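Student: Sharing a structure here in structure tokens format.
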There are 2 protein chains.
Amino acid sequence: MAKSLTTDSLQYFSFAEGTECLPLDCGRSLGPVTLAYETWGRLNADRSNAILVLHAFSGDSHVASHDQADLQANGPGWWETMVGQGKGIDTNKYFVICSNILGSCSGSTGPGSIHPETGQPYGLDFPMVTIADMVRAQKVLIDHLGISRLYAVTGGSVGGMQVLQWCVSYPEMVQAAIPLATTMRHSALCIAFNEVARQAIMTDPKWLQGKYPEDAPPELGLAVARMIGHITYLSDKAMHRKFGRRLQEREDLSFRFESDFQIESYLNYQGAKFVHRFDANSLLYITKAADYFDLNEEEDAAINRLENGPVKFLVISFTSDWLYPTYQSRELVQALKRNGCDVSFCEIQADCGHDAFLLPDQRLTTLISGFLDGVKKE
Amino acid sequence: MAKSLTTDSLQYFSFAEGTECLPLDCGRSLGPVTLAYETWGRLNADRSNAILVLHAFSGDSHVASHDQADLQANGPGWWETMVGQGKGIDTNKYFVICSNILGSCSGSTGPGSIHPETGQPYGLDFPMVTIADMVRAQKVLIDHLGISRLYAVTGGSVGGMQVLQWCVSYPEMVQAAIPLATTMRHSALCIAFNEVARQAIMTDPKWLQGKYPEDAPPELGLAVARMIGHITYLSDKAMHRKFGRRLQEREDLSFRFESDFQIESYLNYQGAKFVHRFDANSLLYITKAADYFDLNEEEDAAINRLENGPVKFLVISFTSDWLYPTYQSRELVQALKRNGCDVSFCEIQADCGHDAFLLPDQRLTTLISGFLDGVKKE
């Protein structure tokens with residue numbers, strides 16, 4: 001592993017061929033495993049400036065565009081405003097890595113991948129994967145890249161769960177961690193929304209117990225699932241400001257079952273659009289992984305394994321996030337402090353809901369870049 | 001109309017036969033119209049002690065049981081804890097009326113009723129009805145009962161919208177009004193949840209554009225719609241307390257797409273149960289009526305028609321209700337005060353979400369009974 005690592009658009013790393021399978025929390029194992037990943041910036045000589053960015057539930061490895069041509073061809077990445085030259089996570093300083101998570105559908109192995117034993121897509125034969133399994137796979141990638149310690153791990157929502165899991169699973173490999181808009185324990189409310197989304201998919205007759213053909217997915221169920229998701233990413237206030245009761249391209253109420261209001265059109269549009277970029281079975285697997293996530297189990301709280309650990313934390317929450325409200329970040333901060341961890345916490349005043357962590361915000365940028373600057377280079 | 005009115009279980013009142021049709025806001029008219037209703041207590045000699053209770057979206061006329069035999073046969077009513085002899089709305093003092101709303105499916109005319117022109121259920125040929133239309137039909141019933149002025153109108157959620165609509169449409173007929181857990185203007189967030197519920201139904205292939213046979217309804221879509229509803233009736237805190245992350249009849253995670261958690265079982269059970277008592281098309285119509293509800297339209301705010309009106313108001317909200325949060329009740333109170341109305345307001349501290357108005361609560365009982373006692377009998 002002496003090759004020099006620099007900015008690179010989509011690459012694939014495969015491992016766990018044959019008997020060297022990736023062990024999973026469910027007791028099964030998986031192989032071969034492919035992770036799609038991208039990198040930005042340049043890994044320094046002592047390989048100490050790598051930041052692993054972890055994406056949320058429906059994200060992918062495309063955190064930011066690589067250059068002007070990439071931007072035009074593929075559009076902006078999901079954290080374009082935060083990651084890049086001179087930005088909050090400055091790719092002039094840091095070598096940024098993002099891999100598509102296990103179980104997803106944007107290049108990494110997931111339920112839509114081909115099952116080596118059958119030559120058919122896994123479907124529900126894909127093993128249940130957990131956040132810890134996702135992180136276990138990422139660790140193999142980081143090893144492969146010859147990085148023994150990450151300067152930082154960061155991500156929001158399900159990405160934030162992976163941040164915390166990295167700290168618990170491989171504390172010696174993490175210098176600093178920035179979990180955003182997340183929780184150490186998926187709440188009943190979040191499980192409830194996920195379960196309804198899953199039911200919307202699984203009751204679509206085209207789902208076929210997960211065996212749907214690639215060109216005939218359960219698109220209506222998936223669209224409804226996505227609509228539910230979109231509601232939870234916004235806030236009452238943000239919806240009021242963005243849509244209010246404004247009508248969609250009409251002067252008066254239709255008195256029919258059409259989209260009268262802009263909010264209805266918006267949700268229907270988001271639902272229909274999602275079908276073209278996301279796999280229904282991946283939604284089932286990833287939501288289940290989030291639901292299973294609990295670092296604070298009564299019997300054996302994984303968060304306590306961080307006792308006096310070396311990781312430096314910056315926990316960030318947003319006032320109007322009702323999916324992972326601030327009180328859950330406070331619980332995390334308390335648990336970390338109880339374990340003697342070095343932890344800073346910031347609640348950002350923002351009325352745009354859970355989505356806030358993805359939106360341009362100079363306060364967030366300053367906070368993250370300042371924290372990263374201050375991480376002691378050992 | 002001189003007959004004496006006393007406690008009576010389910011009755012039907014039909015009107016608007018032939019050309020005497022009920023005019024509707026959509027420009028169409030409807031006839032014949034049947035309203036199923038029940039009454040409790042005894043109408044006094046000067047017919048001045050009648051309280052109209054207005055039910056929420058999926059409610060019916062069965063506010064409370066009529067006697068022990070009724071309780072055993074039909075179970076408790078939806079506001080059993082509030083309405084009855086010696087209760088908050090004391091049927092020893094008041095004559096209580098509740099009618100199933102227009103568009104519903106518990107005895108009143110709705111999309112499942114037979115279209116007189118075709119001999120088939122209306123389905124989507126049923127005209128769109130508004131909250132004002134529902135109230136217009138109720139007014140015919142109240143006239144029929146020989147009551148020229150109601151002592152009070154009360155109800156929560158969509159029932160609360162009807163309360164407000166009564167005050168706007170027929171202020172001279174309402175002495176006092178108690179809207180609970182409601183709004184004068186359906187928010188984008190509420191429209192969003194309703195639209196997803198509608199899409200869950202309308203994308204179910206068994207919906208058949210509303211022409212499903214009675215014995216083969218779109219039950220899977222309706223169940224998903226109900227699950228969404230149930231989430232919105234609870235609160236993060238209530239869900240945490242009631243369910244937390246407790247597993248449902250198992251020791252460990254299943255690592256399968258089963259109900260691992262109690263909250264999942266609860267929602268699936270509520271969804272499946274609802275299918276047996278509610279009609280999918282009625283859900284479409286009633287949610288649309290709620291979405292259309294806006295007494296505070298910019299151009300011509302109906303709430304301003306209450307200027308110096310005779311109605312005495314008690315507005316009640318609940319701290320953890322995120323469907324109709326307290327700030328919306330405050331807006332209502334401000335609008336009423338601006339119009340010189342007599343209005344009291346109470347926000348009740350309750351962590352159980354929107355459902356709070358239906359749950360036993362001595363503070364709520366005392367508040368309502370005290371207010372009713374104080375309504376000046378003219």
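Student: Can you pull out every residue in the range B:206-228 that is in contact (Cβ under 8 Å) with a residue 12 or more places away in the chain and either over 26 Å from A:Ser235 (Cα atoms) or surrounded by fewer than 22 Cβ atoms within 10 Å (Cβ to Cβ) (or both)?
Tutor: B:Lys206, B:Trp207, B:Gln209, B:Gly210, B:Lys211, B:Tyr212, B:Glu214, B:Pro217, B:Pro218, B:Glu219, B:Leu220 - these are the residues of the range B:206-228 that are in contact (Cβ under 8 Å) with a residue 12 or more places away in the chain and either over 26 Å from A:Ser235 (Cα atoms) or surrounded by fewer than 22 Cβ atoms within 10 Å (Cβ to Cβ) (or both).
Student: Going residue by residue through the range B:310-317, is there one that turns out to be away from chain A (no Cβ under 14 Å), of a type in the set (Phe, Trp, Tyr), closer than 27 Å to B:Leu150 by Cα and out of contact with any Asp or Glu (no Cβ under 6 Å at 6 or more places or on another chain)?
Tutor: Within the range B:310-317, one or more residues are away from chain A (no Cβ under 14 Å), of a type in the set (Phe, Trp, Tyr), closer than 27 Å to B:Leu150 by Cα and out of contact with any Asp or Glu (no Cβ under 6 Å at 6 or more places or on another chain).
Student: For the subset of the range B:205-242 comprising residues that are among the basic types (Lys, Arg) and within 10 Å of chain A (Cβ to nearest Cβ), which member is nearest to A:Pro218 (Cα to Cα)?
Tutor: By that ranking, first place goes to B:Lys206.
Student: Could you tell me which residue of the range B:187-202 is farthest from B:Tyr324 (Cα to Cα), considering only residues that are in a helix (DSSP H, G or I) and among the polar types (S, T, N, Q)?
Tutor: B:Gln199
Student: Which one of the conditions (1) more than 22 Å from the chain's Cα centre (by Cα); (2) of a type outside the set (Lys, Arg); (3) more than 15 Å from A:Cys98 (Cβ to Cβ) does A:Asn49 fail to meet, given that it meets all the rest?
Tutor: Result: A:Asn49 passes all but (1).
Student: If I go through the range A:52-104 residue by residue, how many of them are at pLDDT below 95 and of a type in the set (A, V, I, L, M)?
Tutor: 3
Student: I'd like to verify a number: residues in the range B:236-256 that are surrounded by fewer than 19 Cβ atoms within 10 Å (Cβ to Cβ) and either more than 33 Å from the chain's Cα centre (by Cα) or assigned to a loop (DSSP other than H, G, I, E, B) (or both), how many?
Tutor: 12
Student: Can you tell which of B:Val129, B:Val135 is more than 30 Å from B:Asn44 (Cα to Cα), surrounded by 24 or more Cβ atoms within 10 Å (Cβ to Cβ) and either of a type outside the set (A, V, I, L, M) or in the same structural domain as B:Asp90 (by TED's automatic domain parsing) (or both)?
Tutor: B:Val129
Student: Sort through A:Gly112, A:Gly77, A:Gly86 and tell me the only one that's on the phi > 0 side of the Ramachandran plot and not polar (S, T, N, Q).
Tutor: Result: A:Gly86 is the single residue among A:Gly112, A:Gly77, A:Gly86 that is on the phi > 0 side of the Ramachandran plot and not polar (S, T, N, Q).
Student: Quick check, is B:Glu307 acidic (Asp, Glu), in contact (Cβ under 8 Å) with a residue 24 or more places away in the chain and away from chain A (no Cβ under 14 Å)?
Tutor: yes
Student: Could you check the range B:94-107 and list, in sequence order, the residues that are touching a helix residue (DSSP H, G or I) at 6+ places or on another chain (Cβ under 8 Å), part of a loop (DSSP other than H, G, I, E, B) and not aromatic (Phe, Trp, Tyr)?
Tutor: Once the filter is applied, which keeps residues that are touching a helix residue (DSSP H, G or I) at 6+ places or on another chain (Cβ under 8 Å), part of a loop (DSSP other than H, G, I, E, B) and not aromatic (Phe, Trp, Tyr), the range B:94-107 yields B:Ile101, B:Leu102, B:Gly103, B:Ser104, B:Cys105.
Student: Mind listing just one residue for me: the one in the range B:149-204 that is of a type in the set (Phe, Trp, Tyr) and away from chain A (no Cβ under 14 Å) and, of those, surrounded by the fewest Cβ atoms within 10 Å (Cβ to Cβ)?
Tutor: The qualifying residue surrounded by the fewest Cβ atoms within 10 Å (Cβ to Cβ) is B:Tyr170.
Student: Would you pick out the residues in the range B:243-294 that are within 8 Å of chain A (Cβ to nearest Cβ) and in contact (Cβ under 8 Å) with a residue 24 or more places away in the chain?
Tutor: B:Ile263, B:Leu267, B:Asn268, B:Gly271, B:Leu284, B:Lys288, B:Asp291, B:Tyr292, B:Asp294
Student: For the range A:34-46, give me each residue that is surrounded by fewer than 23 Cβ atoms within 10 Å (Cβ to Cβ) and more than 9 Å from A:Ser99 (Cβ to Cβ).
Tutor: Listed by number, the residues that qualify are A:Thr34, A:Arg42, A:Leu43, A:Asn44, A:Ala45, A:Asp46.
Student: Can you say whether B:Arg305 is assigned to a helix (DSSP H, G or I), more than 22 Å from the chain's Cα centre (by Cα) and assigned by TED's automatic domain parsing to the domain that holds B:Met134, as far as the supplied structure shows?
Tutor: Judged against the criteria, B:Arg305 is a match.
Student: Kindly indicate the residue of the range B:11-31 that is crowded, with 16+ Cβ neighbours inside 10 Å and more than 14 Å from every other protein chain (Cβ to nearest Cβ) and also farthest from B:Thr91 (Cα to Cα) among those meeting that condition.
Tutor: B:Gly31
Student: Now a separate question. Pick from the range B:278-303 the residues that are charged (D, E, K, R) and modelled with pLDDT of 95 or more: which of them is farthest from B:Ser157 (Cα to Cα)?
Tutor: B:Asp279
Student: Right, here's the next one. Identify the residue in the range A:123-169 that is part of a helix (DSSP H, G or I) and of a type in the set (Gly, Ala, Ser) and, among all such residues, is nearest to A:Gln209 (Cα to Cα).
Tutor: Among them, the one singled out is A:Gly123.
Student: Only one of B:Glu331, B:Glu347, B:Glu298 is of a type in the set (D, E, K, R), surrounded by fewer than 24 Cβ atoms within 10 Å (Cβ to Cβ) and more than 18 Å from B:Leu180 (Cβ to Cβ); which?
Tutor: Matching residue, one of B:Glu331, B:Glu347, B:Glu298: B:Glu298.
The values are calculated or read from the model by the stated rules, or taken from the named source; none is laboratory data. Just so we're clear, the structure is a prediction, and the values are computed from it rather than from any experiment. Backbone-built Cβ (ideal geometry, glycine too); neighbour counts: all protein chains shown.
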